[in-house]
Amino acid sequence: MAATTETVAILGGTGQQGSGLARRFARAGVRVIVGSRDPDRARATVGGWGAMPGPIDVASYAQAAASVTLVLLAVPFGSIDDLLAELRSSWKPGTIVIDVTVPVTFAGGKMAMLEVAEGSASEHVRARLSPEVGLAAAFKTIPAHLLGDGDTPLDCDEFVCGDTDEARARAAELVTLLPGLRAVDAGPLSRARSIEHLTALAIAINRRHKIHDARFRIVGL
Ligand SMILES: NC(=O)c1ccc[n+]([C@@H]2O[C@H](COP(=O)([O-])OP(=O)(O)OC[C@H]3O[C@@H](n4cnc5c(N)ncnc54)[C@H](OP(=O)(O)O)[C@@H]3O)[C@@H](O)[C@H]2O)c1
């Protein structure tokens, strides 16, 4: 298995979730590539983060996917089909993709879960990835607001599921690299549906209680 200190590419690394993860990983000493549709714009975004202990590079999505074997998918659910079609021939052998996406919409300020024919966003991704690419889901229930606040301890559990033991193990290693996060192995990729619904629950709790950082801790484990 590859070392946890290998480079991680984050597709959507300029977004709320992706940038929070990029900065947290950089602080944990992981080399990060921020993948973006516009690397120049991404460079400007990364420049605005100030000094980071670890190196952060920027690249197009295709360059980012082609240069590492650990890739986080942190783009809007609605952009997945086009992006995965574009990347079809980009993946390196042995790549593990970690899907962060959640199929929620916020039309008119109202949150709704999209019905996904495959069962979950991660299974939707699975159906569009070549079989040689391993897939796990993680970082779906940790709020971007908290990730982006580098001084606040994460202090919660993060659910991991995946279609192989290796994919789950590598996602769990990545989770564990972030101080205050515990990886909870939830089993096969089909568990992603439940995890994505927990994200929707956390958003609803945030709204109801006028907070930003609702998240989960499993007791008894
Ligand atoms: N926000 C949260 O708290 C949270 C929590 C858990 C999971 N997630 C999931 O993480 C993913 C990203 O969410 P986010 O809140 O970070 O979204 P966001 O702030 O809108 O960022 C998404 C990033 O994806 C990239 N992107 C690629 N194709 C795109 C397209 N067609 N339209 C718009 N952006 C596109 C953009 O980067 P470039 O312009 O640089 O390409 C953008 O910075 C979503 O699937 C979401 O469900 C979010």
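Key figures
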read-out: The chain: antiparallel DSSP beta bridges as a percent of all, rounded to 5; value: 15
read-out: Cut-off of 10 Å, at most 15 other beta carbons, DSSP loop: longest stretch of the chain lacking such chymotrypsin sites (Phe, Trp or Tyr not before Pro); value: 107-221
read-out: Residue order, fewest to most surrounding Cβ atoms within 10 angstrom, among LYS92, LYS210; value: LYS210, LYS92
read-out: Long-range HN-HN contacts of ALA137 with modeled amide H, under 5 Å; value: ASP99, CYS161, GLY162
read-out: Cα-based Rg / Dmax (Å) for the range 55-194; value: 14.9, 42
read-out: Whole-number percent relative contact order across the range 72-221, with pairs defined as alpha carbons under 8 Å at least 6 apart; value: 23
read-out: Gyration tensor verdict on the range 144-221 (Cα atoms; rounded if a/c is under 1.5, prolate if a/b is larger than b/c, oblate otherwise); value: oblate
read-out: Range in the chain, longest, excluding exposed GluC sites (Glu not before Pro) [loop by DSSP; at most 15 other beta-carbon atoms within 10 Å]; value: 7-114
read-out: Gain upon complete extension [ASP149, LEU198; 0.36 nm per residue less C-alpha separation]; value: 15.5 nm
read-out: Rg [Å, one decimal], Dmax [Å, integer] - the range 31-123, C-alpha atoms; value: 15.1, 43
read-out: Dipole of the chain, positive direction: furthest Cα of PRO39, VAL8, THR95, with charges on the beta-carbon; value: PRO39
read-out: Cα-centre dipole for the range 145-214 with unit charges at Cβ (Lys and Arg positive, Asp and Glu negative), debye to 20; value: 400
read-out: Separation in nanometres of the label points that stand 7 Å from Cα toward Cβ, at MET52 and ARG27; value: 1.3
read-out: Label-point separation, ARG128 to THR176 (7 Å along Cα→Cβ), nm; value: 3.2
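Where a number appears in this text, it was derived from the coordinates with a stated rule and is not lab data. None of the values given here were measured: they were computed from a predicted structure. As a convention, Cβ positions derive from the backbone with ideal geometry for all residues, glycine included, and neighbour counts pool all protein chains shown.
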